[in-house]
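Before anything else, here's the structure in question.
Any read-out appearing in this document is the output of simple, stated calculations on the displayed coordinates, not a laboratory observation. Just so it is clear, the structure is predicted and the values come from calculations on it, not from any experiment. Backbone-built Cβ (ideal geometry, glycine too); neighbour counts: all protein chains shown.
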Amino acid sequence: MIIKNVVRKVRCDMPNCKNIADFKVEKSGFFRSVGLNLCNCCINELYSEIGKIVVPKSPENIFNKKIKVTKEVKGEK
Ligand SMILES: [Zn+2]
């Protein structure tokens, strides 16, 4: 997924927001026009909300995952 600057003048996609979009969140593999247009205000709000639910993976979690995957390969449970 990538975030681009919006070149054309388009409205922010958030309901109840009348601002002009500054950024476009796009997912590769889709049609070029498909994505989410967001204004500077909304993308900042979104970022702070994402921060509440998405926790960066700690080195410990990555280590545990590795052990699990290795066991699956060997057929252990
Ligand atoms: Zn907005």
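Count neighbours as other Cβ atoms within 10 Å of each site's Cβ, and list the trypsin sites (Lys or Arg not before Pro) in the stretch 1-52 that are DSSP loop with at most 14 such neighbours. Can you show the working numbers first?
Numbers: sites: Lys4, Arg8, Lys9, Arg11, Lys18, Lys24, Lys27, Arg32, Lys52; in loops: Arg8, Lys9, Lys18, Lys27, Arg32.
Here the trypsin sites (Lys or Arg not before Pro) that fit, given the DSSP loop and packing criteria, are Arg8, Lys9, Lys18, Lys27, Arg32.
Which of the chymotrypsin sites (Phe, Trp or Tyr not before Pro) found in the stretch 1-54 are in a DSSP loop and have at most 11 neighbouring Cβ atoms, other than their own, within 10 Å?
Details: sites: Phe23, Phe30, Phe31, Tyr47; in loops: Phe30, Phe31.
Qualifying residues, ordered by number: Phe30, Phe31.
With the crude spin-label approximation of a point 7 Å out along Cα→Cβ, what separation in nm comes out for Val7 versus Lys52?
3.7 nm
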